1. Lys157 fails exactly one of the following numbered conditions: (1) within 22 Å of the chain's Cα centre (by Cα); (2) in a loop (DSSP other than H, G, I, E, B). What is the number of that condition?
2. Can you confirm whether Phe115 is assigned by TED's automatic domain parsing to the domain that holds Gly82 and in contact with a Gly (Cβ under 6 Å, 6 or more places away or on another chain)?
3. Among the strands (runs of 3 or more DSSP E) contained in the stretch 57-119, which hold 1 or more residues that are free of Cβ contacts under 8 Å to residues at least 24 places away in the same chain?
4. Mind listing just one residue for me: the one in the stretch 130-149 that is assigned to a strand (DSSP E or B) and hydrophobic (A, V, I, L, M, F, W, C) and, of those, surrounded by the fewest Cβ atoms within 10 Å (Cβ to Cβ)?
5. Can you confirm whether the stretch 102-113 contains a residue that is touching a Leu at 6+ places or on another chain (Cβ under 8 Å) and exposed (fewer than 13 other Cβ atoms within 10 Å of the Cβ)?
6. What are the residues in the stretch 69-101 that are in contact with a helix residue (DSSP H, G or I) (Cβ under 7 Å, 6 or more places away or on another chain) and of a type in the set (D, E, K, R), if any?
7. May I ask you to say which residue of Thr98, Thr93, Thr161, Thr127 is over 17 Å from Asp66 (Cα atoms) and surrounded by 11 or more Cβ atoms within 10 Å (Cβ to Cβ)?
Amino acid sequence: MKKPSFLERLTGSVPAADYDRILDDEHEFGTEGDGPRISQFNDQEESWQDDPEQDHTPQEGELPVDMYQTNDAIIIRALVAGVSPNDLDIAITRDMVTIRGMRAEMQEAPDDNYFHRELFWGSFSRTLLLPEEVIIDEADAQEKHGLLEIRLPKLDKNRSTQLRVKSQVHPAK
């Protein structure tokens, strides 16, 4: 059996390929033992969760972002509520930005006392290719009320300057 994707595990969905067998033209609905049963999928779910050979390292979450441009900059915004600005790592190149961080869980009740557990806890990252080159040294990042805003000034490719040629005159011997 193929390992379920992160999204399949998160939503509890079953891959469409498992349903293809039911939707064949030759299939007769109601035939005993032909269709998938809920218990089959629950058994499959338990099998991938209890697999001793399975790597049990927590998966890294992907940070959702908004990215837009103004005339002179590219702006990236992300919600980082619950993350200290000191725990954010932002790496910038001329054409790419990577944001990494960790949201530490504050568990105030035992697992079986939770009714809903929808918040993401753990490490996250996001790498974005930039649509234009930026000036790395002038980049700025600010966090306010859990909203991270990164301002990346665009590289002005139309800017030009006059270069003066210096002459080195050698003294006569």
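1. Result: Lys157 fails condition (1) only.
2. Here the answer is no, as Phe115 does not meet what is asked.
3. 65-69, 89-92, 96-103
4. Leu147
5. No.
6. Within the stretch 69-101, just Arg94 meets the criteria.
7. So the residue among Thr98, Thr93, Thr161, Thr127 that is over 17 Å from Asp66 (Cα atoms) and surrounded by 11 or more Cβ atoms within 10 Å (Cβ to Cβ) is Thr93.
The values are calculated or read from the model by the stated rules, or taken from the named source; none is laboratory data. All values derive from a computational prediction rather than experimental measurement. As a convention, Cβ positions derive from the backbone with ideal geometry for all residues, glycine included, and neighbour counts pool all protein chains shown.
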